[in-house]
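The values are calculated or read from the model by the stated rules, or taken from the named source; none is laboratory data. All figures in this text were calculated on a predicted structure; none of them were measured in a lab. All Cβ positions, glycine included, derive from the backbone under ideal geometry; neighbour counts span all protein chains shown. Heavy atoms of the whole protein, side chains included, go into the accessibility calculation; ligands, DNA and RNA do not. Shrake-Rupley method; radii C 1.70, N 1.55, O 1.52, S 1.80 Å.
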Amino acid sequence: MDRPPATTWIAFNRTKCIALGTPRDVAAKAKTLIDRHAQPSLLIFDATTSQPVELDLRGTRAAVLDRVVPAG
């Protein structure tokens, strides 16, 4: 049986790419950015489809990662 392709996300803070990788990796880097900067301008996209990704970054890093739905 064929496996669906792995999901890749990409995140930007203003015009700078801050992360590219698995949803969990990108979510972790996004949470770090949110915690360290007073007013980040964060955008996250599915790198394959270019669809925006909504990610709840409230709470602890562990809580954020628990909310990331694994692919497949």
Quiz item: Once every DSSP H run of n ≥ 4 in the chain is given -39500 (n - 2.57) and the sum is divided by its residues, what mean residue ellipticity at 222 nm do you get, rounded to the nearest 500 deg cm²/dmol?
Solution: -8500 deg cm²/dmol
Quiz prompt | Local net charge near ALA27, Cβ-Cβ under 14 Å (Lys/Arg +1, Asp/Glu -1) | solution = 0
Practice problem: When you have a sec, figure out the Kirkwood radius of the stretch 1-71 from all distinct Cα pair distances and drop it here in Å to one decimal? | Solution: 12.5
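Taking the solvent-accessible surface of protein heavy atoms with a 1.4 Å probe, what is the per residue accessible area of the chain in Å²? If you can, show how the numbers build up before the last one.
Values: 5350 Å² over 72 residues.
Per-residue accessible area for the chain comes out at 74 Å².
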Quiz item: Rounded to the nearest 10 Å², what accessible area does THR15 show when all protein chains are kept and the probe is 1.4 Å?
Solution: 140
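Compute, for the chain, the length of the dipole vector about the Cα centre, with Cβ point charges of +1 (Lys, Arg) and -1 (Asp, Glu) only. Units Debye, rounded to 20.
Values: 10 positive and 7 negative charges, 62 e Å.
That gives the chain a dipole magnitude of about 300 debye.
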Quiz item: Carbon and sulfur: what percent of the chain's accessible surface (1.4 Å probe)?
Solution: 53
